[in-house]
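Down below is the structure, laid out as structure tokens.
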Amino acid sequence: MNKMDKKPSPFLRTVFVCTNKRAGGRIACANEGRDGEALCESLKQALKQAGLNKDIRVARSGCLDLCEAGPNLLVYPKGDWYSGVSRADVPQLIKKIVAPRS
């Protein structure tokens, strides 16, 4: 059995972006026209360009369970939740993600 090794997180924040897709029925954040995948990539690129990618991690997430309001993302450990996000929101989101919780 491997020994579990506990370490502090290498990131100040992690942004979980829903990239869940569904076939038929209920809508999902990454279904066609919802842009969950593109949003995730745009956030990654914007953080990298801003030199913040070593402090803030963008991670794909499965369903965050508010699909109809999506695309959704959660900033951890801040606890800030954003719904209805588009790639056009990325510059404003970067400022909000970096700022202390209000």
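For Ala30, the conditions (1) touching a residue at least 24 places away in the same chain (Cβ under 8 Å); (2) open to solvent by 20 Å² or more (accessible area, probe 1.4 Å); (3) more than 15 Å from Tyr76 (Cβ to Cβ); (4) part of a loop (DSSP other than H, G, I, E, B) all hold with the exception of (2). Do we have Gly70 as of a type outside the set (D, E, K, R), open to solvent by less than 50 Å² (accessible area, probe 1.4 Å) and over 10 Å from the mean Cα position of the chain (by Cα) here? Considered against the rule, which asks whether it is of a type outside the set (D, E, K, R), open to solvent by less than 50 Å² (accessible area, probe 1.4 Å) and over 10 Å from the mean Cα position of the chain (by Cα), Gly70 comes out as yes. What are the residues in the range 73-90 that are open to solvent by 20 Å² or more (accessible area, probe 1.4 Å) and touching a Ser or Thr at 6+ places or on another chain (Cβ under 7 Å), if any? Result: Tyr76, Arg87. Only residues that are open to solvent by 40 Å² or more (accessible area, probe 1.4 Å) and modelled with pLDDT of 95 or more were counted across the range 56-67, and they come to 2.
On inspection, Gln45 passes the criterion of being surrounded by fewer than 18 Cβ atoms within 10 Å (Cβ to Cβ) and under 14 Å from the mean Cα position of the chain (by Cα).
The values are calculated or read from the model by the stated rules, or taken from the named source; none is laboratory data. Predicted model, so just to flag it, every value in this text is computed and none were measured. In this analysis, Cβ positions are derived from the backbone assuming ideal geometry, glycine residues included, and neighbour counts consider all displayed protein chains. With ligands, DNA and RNA removed, areas are computed over all heavy atoms of the protein, side chains included. Shrake-Rupley method; radii C 1.70, N 1.55, O 1.52, S 1.80 Å.
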